[in-house]
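These notes concern the structure reproduced below.
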């Protein structure tokens, strides 16, 4: 069961509204890597999870993300306020908010795309879901960082830094939950892989030009790697 | 530039077609974690990437996934063949393939949803993209594992094991590319986080019942964690 | 801020799982008129609302719907359990759940369509939003009624009746909130309508055949109505 | 069967084209609450309806909305005309219209989202469909009102007022059709609700802060209401 | 303006309902190549068209397709009737129709995907739109042909043959409208192409194997063609 | 199997970046008629095709379009470069690229809509697929023509002309492949049409006004046509 408390998780002080920046903020409200996506991905993973400890973790963080959704929604509304007051040139920036929403926010991203569950990654396998969540938190962190870099308002920056910091706290928690599973870094599920193909590196992009050149790194040399050049012109598998 | 060679990356031997299983296979053809999603996610990340070595890696694996798409598409067509030959009871299983496609496959998932770029995670930040890719490979591995567990045909199983193995090879390569970046496991982008919030664990889901109970693990104890209970009823941030 | 308690809002007792019925239940989980749609429609309306009383109402019911989402999700998981245990013939019923989700639910409807914010109706005008909500509750009531009529399991029926009842309770509350606004039944917003057109009834569908015949009722006779026949062939407006 | 007459339902006089306003108008052409949505919602409800009188009503209004679609499409084209004539700075406002459509309109909303049947509410139950239609007309009325408030052109305003007025005429007709059904305001379908839960008001959002405070109104006091405070922390149902 | 007549364009006689076939029929109701797509593609092209003759043609056929939509919808409803009468095993075939629609049809395809304007091809250039329409009619013809091949009911077959025939009549009309434009078969728009590249055939798929072998035909030999082999490994353009 | 070569198919020289024009270019990257749509439509048709010559043709052109995707993606990135460098006023033009993508492109169109397989037309019938492809190339040609007309940069224009030219080369090849099939221009599939309906022209849009007037042309006179006026008011079929 859920309960709501009529307070924001973090105090939001906004100076002059900046509607163009408000539109950008919608990425973290109804966008692909935003707070609704985080809240629902973790909460539904939690509903499905049968490992009691990690189920608790998923519900704790899933619930916190709902509270973040409120913070970012409140910030966005403050910046988008000029769209409510009948100023035509502002309203033209985002007719979905000005005309359809009457100045209120909806679950769309910065360009008016409706939020969709296609954004979510829910696999029903805990070592997979935790990796999806670590990646999701990394995407959220960099998105907040870019928003902060485009933000002129100190109060907004402060709230965005809080939200950005929490994503790293979540990344730390998901990482600890993954490491404590006692599965190796390449162990996913139960089925063994085929030894003859797991260490082959297929060099499928070759030549040199505007799009770069062939390189060497730990992803294709050392570590047991066997490089197969131009597999398309030779037998790659069998 | 791309070049195509009229061979499959892995020999496909299918015995009796199994159209219901063929529908399941479409998850890896036009589904959220399938081969088209992998091919396009890595190739577009590669197009955007300015780190020469990892750009090469992204193009190598992105191109390989296009070859996987052909293998899985060929497998699916063989299993879905009965939908082409006018057998009404088979055709009813999937009118999109039987009636719209004339027995041919399209870029839909097992339930007829069209493939969408909303499945992709492309951030323009290499330490983020690599994490998204590691998670994507983990999802692909578990999906292949489940398909293999539902598969009765030895030739199909063999090809699926090859594809499953390659996902782990890619996971190893992306992991090596991430580790060699010389960024710590919680370092994403450049902006520093707020020290007073990064080690707080908000216990937002409490009580005990059908949905579990509060637990302790490395994700909320030790490691510098400070637990805040019921933050909704207290001040969480400021 | 949100808080989660690890109990379901209503006890769920499921006898033998019925996976085909479980798929139907997904309509109320990730479907167009389901609990997620209700929770988010009311909560985002509440975030935007500036009328303190009705803002409180919207948040109360929006939060309750999140608790309903957990109940229906738990019911669906119990009925879909056979999809997790590797039974191929059951898994073929829903590869999205069996293969992609590993037996766990996701935010899709009964036919695998991802939930989308296009389902939501959020207008930023309280007398409009309340009408949208009354209609949404009416749709939810009839959907639960149909599910109950297709349900063989007494424990499931009991939980669905609880949820169905709550929709009527919400309908009553939204209705009271609308009536107490002191706006007439045809008063929406502020702009006056054009008197010469508001009582005209355009008879745009005429004749008699397989598709019915012209009729008379309070929607086109009495009440000040003036009927215009075949306006397409005459001047309708000016 | 349908027949088309080569006249607009209402004369459209547009002075200087205003392409930014033209984009806003697209909300009523290919948007969520626009004329195509209205036309198809009512017409498909009418196709399904087995009550002869209300079937006729649904077809009359569904057909009128098709004629509205032409009016709003013609208005939008006139305002968007500068996008056809090769003026780059105008074309940048909406490449979908300028580049893809060659200056012609398509069934997209103001921000380029394609129209989708997810906008429609069709339940196959007349007392439900009529409520959905009343809500739809209320949304259309307020959308036209906002467009008029942002409109500088007298001829456009006049046509929009005609369309806005017709929405209220439809709302009156749908309301009369609902009231004449002899079902009470809370009677939906056939299945009775559970008496012990239908008058409970769950106070799920409590406390006081930036997001408001607990309030009392006819939606939670009087009228037989019994308030349950903080149901998440107590047993809500059983 | 539109007018509706309460008759079907073609008499529909259905014997025993066949709900699985009814689902297939939905492809021509709310599917990608169905009657709604045809009606809206041609009607919106017609709204945009400034060539008076072809504008009339587009409106004639666009309006006819609306009448086809009614025929196919009526056929589908008759076949889907068992989903309305509470038979659980039938209802499980399509919960969107049985549970959400109460037995009525909606604008979805055979697998429940909502109709979307992404299906439409509207370019604002008459010689392009006519080619899109010829292709659309060809797709509609083959879809009807396949439906007829899967159909056991003589009355349904007869109505489908009528609809199929009309698609060829439309194809003939669009073809005549294209040919009478006095533009060559490769003349699109106004801008001239680059002579040095227009007759080059790039042989980008080579080799021999499960996926075929290199071939010769009028598409790459004679007709002024100059074949460039393996352009990826050589300079293709400059 | 696919192989990638690290060169572009055509040299791209971009002078001053023009981010607004870069957004327009996205139509040919991730838009409805763009290069990804072409590449996947032809390649999947090729995978399904059982006519060896035309299968080779489809794979040749499908692969070439992947190389075009790289060219247009590279052009777009160069023009969108100012969105990467932290300039807020540029970033506001497209937050999806600036904030979500860090300056990198994704598979969206000019207005941020995600690419979807709903854009594709794949029928499994070669005389139908070739017509869909001819229409697709015509749409691509006119889209490039309009982009060129809005383009100020000589290097970009040159590359766009190359791509535009190649679409006509493809149109020529698909046309030759269609003509050499020895099927008449109205022969689609195998089922014969009904002689009594194939030459009737239904005049469903009549009258005279702002929307035009009735006209005569080769699409409704001569050629065996029999015109039926106002079929809605008379029996059209039987």
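All of the numbers you see were taken from the coordinates with simple rules; none came from a lab. These figures come from a predicted structure and were not determined experimentally. Here the Cβ positions follow ideal geometry from the backbone for every residue, glycine too, while neighbour counts run over all protein chains shown.
Peptide A:89-97 has a mean shielding of 5, counted as Cβ atoms of other protein chains within 10 Å of each residue's Cβ. Across peptide D:17-29, the mean count of Cβ atoms from other chains lying within 10 Å of each residue's own Cβ comes to 3.
Ignoring everything except DSSP H segments at least 4 long, calculate the 222 nm mean residue ellipticity for the protein assembly as shown; use -39,500 (n - 2.57) per segment, divide by total residues, nearest 500. Can you show the working numbers first?
Numbers: 43 runs with 677 residues, N = 1428.
Taken over the protein assembly as shown, the calculation gives -15500 deg cm²/dmol.
Where Rh denotes the Kirkwood radius from the mean inverse Cα pair distance, what is Rg over Rh for region C:116-238?
Numbers: Rg = 20.4 Å, Rh = 18.6 Å.
Using Cα coordinates only, the ratio equals 1.10.
Once the Cβ-Cβ distance of residue E:179 and residue F:216 is raised to the sixth power relative to R0 = 25 Å, the FRET efficiency obtained is 0.95. Label-point distances for residue A:50 to the equivalent site in the other copies, using a point 7 angstrom along Cα→C-beta, read 4.4, 4.4, 4.9, 5.2, 6.7 nm when ranked shortest first. Taken over region A:19-179, the convex hull of the Cα atoms encloses 94 Å³ per residue.
Could you tell me whether region E:186-238 comes out rounded, prolate or oblate from its Cα gyration tensor? Rule is a ≥ b ≥ c as square roots of the eigenvalues, rounded for a/c under 1.5, then prolate if a/b exceeds b/c, otherwise oblate. Here region E:186-238 falls in the prolate category. Axis of helix E:154-179 versus longest Cα principal axis of chain E: the two differ by about 30°, to the nearest ten degrees. As a calculated quantity, the FRET efficiency between residue E:85 and residue F:11 at R0 = 51 Å, using C-beta atoms, amounts to about 0.15. With the Cα gyration tensor of region C:85-165 giving a ≥ b ≥ c as the square roots of its eigenvalues, does the rule (a/c under 1.5 for rounded; else a/b larger than b/c for prolate; else oblate) give rounded, prolate or oblate? Judged from the Cα gyration tensor, region C:85-165 comes out oblate (a/c at least 1.5, b/c at or above a/b).
Compared with the dominant Cα axis of chain C, that is its longest principal axis, helix C:126-149 is turned about 50°.
Between copies, residue E:213 shows label-point distances of 4.0, 6.4, 7.2, 7.2, 8.7 nm, shortest first, with the point placed 7 angstrom from Cα along Cα to C-beta.
Relative contact order, percent, of chain E when contacts are C-alpha pairs under 8 Å separated by at least 6 residues? It would help to have the intermediate numbers written out before the result.
On the way: 295 pairs, mean separation 47.3, N = 238.
Relative contact order here is 20 percent.
For chain C, find the longest principal axis of its Cα atoms and tell me its angle to the long axis of helix C:19-30, 0 to 90°, nearest 10. The angle comes out near 50 degrees. Taking every DSSP beta bridge that has both ends in the protein assembly as shown, the antiparallel portion is near 45%.
Shape of the protein assembly as shown from its Cα gyration tensor (a ≥ b ≥ c, root eigenvalues): rounded if a/c is under 1.5, otherwise prolate when a/b > b/c, or oblate? In terms of gyration-tensor shape, rounded.
Once you reduce region C:182-238 and region B:195-217 to the center of their Cα atoms, the two points are 59 Å from each other. In this simple spin-label model, placing a label point 7 Å from the Cα along the Cα-to-Cβ direction at both residue C:233 and residue C:187 gives a separation of 4.2 nm. A label point on residue A:181, set 7 Å along the Cα-to-Cβ line, lies at 2.0, 4.9, 5.0, 5.0, 5.6 nm from each of its counterparts in the other copies, closest listed first.
By average Cβ neighbour count within 10 Å, what is the ranking of A:73-84, C:96-107, C:213-224 from highest down?
Numbers: A:73-84: 22.8, C:96-107: 26.2, C:213-224: 15.7.
Ranking, from highest mean packing down: C:96-107, A:73-84, C:213-224.
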